[in-house]
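Notes for the one structure printed next.
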Amino acid sequence: MAPTQYYYFTEQPYTGYDPAVQEEHPALRLTLPNSLYDSRLASELYNRYHDEYQVADEAGFDGIMINEHHTAPFCMQASINITGAVLAKITRRAKIIMLGNPLPVVDNPLRLAEELAMIDCISRGRLVSGVVRGGGVESLANNVNPAHNRERFEEAHDLIIAAWTRPGPFRWEGKHFQYRVVNPWALPLQKPHPPIMVPGTASPETVIWAAKHRYPYIVLGSFLEQTQELIQIYRETAEEVGYEMQPEHIGYLIRCFVSDTEEHAQEQGKNFFWQNGALNKQPREWMAPPGYATVNVAGIRRLRAVSRAFDSLAYEEAQKNYQVVIGTPDQVIEKLRYVRNLLGVGHMCLWSHDGYMTHQDTVRSIELFGKEVLPALRDDA
């Protein structure tokens, strides 16, 4: 059984505007004017976040998790592959965990396959190429029909795997993508292809798809009860297709910050709420546009019924429910150990920076993870 892996994550938030302005617009996504974007500040923030990735690499995190969003002030990464290419050169040992490329909004999966292959080669085989359906807002932001979301996701995935593993040249005639010639010269270093992970929140469909492909499924911060239900769906699907689910098939993303004192950790942890509920302020049809969900079963309704928006929690309640884990190294070790053992996950994604946390505080948190938290958790193995 492989030991649990620990990854560093941040959304790379853009914090250069007054959150109060969010109340003047229908949603944080799509409608917040980009006139609020200061390119000079963004330049400083990008480079700051990259510096912190280097600290995480040196501190001993097993991987650095990155993601992609569009029209999203809370996430500056409009291209996960650009960040991945940067990490390929500025880090030396950590895996580059992409969670993930939103395949339904990709118009050229063949080019994506080439870009990922380059990153894998440049990083000397450290790429983990996660794939994601993306939320409904991603489809709207990229002008892609949400009714074709799952179809485009699955076909783009199949084409990328074929481009990496099937000798070219060959022809591809799909429903959404057609190529007279598939014969990429850039191929991944890892064979037959880089590992693939699939992140999600509360879609049993995606859990089932990941389990059928034996891809690790990473639950993105759902409540523990809901997460256990998703894990059970994965376990049952694995049994149906002939294998036994292991910890390495499941991961969990959790907001986590560590400091030298509990008082300072508590103050910094409030940054996980820096948007004041704006993230979930949007028309419901933007999150799940008509046609975005392709099935409607009792399991989905039940799972979503117990789901609550993170921003609706009180700060103390979020800690009690393990939606936020903060404190001194000893306190964080105890809480993370509990979550890891309860869920039985082999991948722990530690969301360790958000909002207005300073560079100094973020670096100190990363250092404490490397010196105290991660060694203690690994000693459990």
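The values are calculated or read from the model by the stated rules, or taken from the named source; none is laboratory data. What you see is a predicted model; the values in this text were computed from it and never measured. Glycine also receives a Cβ, built like all others from the backbone with ideal geometry; neighbour counts cover every protein chain displayed.
Details
- ARG29 being within 27 Å of TYR252 (Cβ to Cβ) and among the basic types (Lys, Arg): yes
- Among the residues of the range 203-240, those that are under 20 Å from PRO109 (Cβ atoms) and either at pLDDT below 95 or buried (at least 17 other Cβ atoms within 10 Å of the Cβ) (or both) comprise THR206, TRP209, ALA210, TYR215.
- Scanning the range 348-363 for residues that are among the polar types (S, T, N, Q) and outside any loop (DSSP other than H, G, I, E, B) yields SER352, GLN360, THR362.
- Considering the range 247-263, the residues that are of a type in the set (Ser, Thr, Tyr) and over 14 Å from LEU224 (Cβ atoms) include one that is farthest from the chain's Cα centre (by Cα), namely THR261.
- Condition broken by VAL128, with the remaining ones in (1) assigned to a helix (DSSP H, G or I); (2) under 24 Å from LYS212 (Cβ atoms) satisfied: (1)
- Taking the criterion of being part of a helix (DSSP H, G or I), under 20 Å from the mean Cα position of the chain (by Cα) and either basic (Lys, Arg) or crowded, with 16+ Cβ neighbours inside 10 Å (or both), the residues of the range 270-285 that qualify are ASN271, PHE272, PHE273, ALA278, LEU279.
- Some residue of the range 90-103 being part of a helix (DSSP H, G or I) and either under 30 Å from VAL181 (Cβ atoms) or over 17 Å from the mean Cα position of the chain (by Cα) (or both): yes
- Evaluation of PRO73 against (1) within 22 Å of PRO289 (Cβ to Cβ); (2) under 14 Å from the mean Cα position of the chain (by Cα); (3) not hydroxyl-bearing (Ser, Thr, Tyr) (one fails), failing number: (2)
- Selection status of LEU159, modelled with pLDDT under 95 and over 24 Å from GLU244 (Cα atoms): no
- Test: residue in the range 203-225 that is more than 22 Å from GLY136 (Cβ to Cβ), of a type in the set (Asp, Glu) and in a helix (DSSP H, G or I): yes
- Some residue of the range 42-59 being surrounded by 13 or more Cβ atoms within 10 Å (Cβ to Cβ) and assigned to a loop (DSSP other than H, G, I, E, B): no
- Hits in the range 165-202 (condition: in a strand (DSSP E or B) and surrounded by 12 or more Cβ atoms within 10 Å (Cβ to Cβ)): PHE170, TRP172, TYR179, VAL182, VAL198, PRO199, GLY200
- Some residue of the range 233-245 being in contact with a strand residue (DSSP E or B) (Cβ under 8 Å, 6 or more places away or on another chain) and in contact (Cβ under 8 Å) with a residue 40 or more places away in the chain: no
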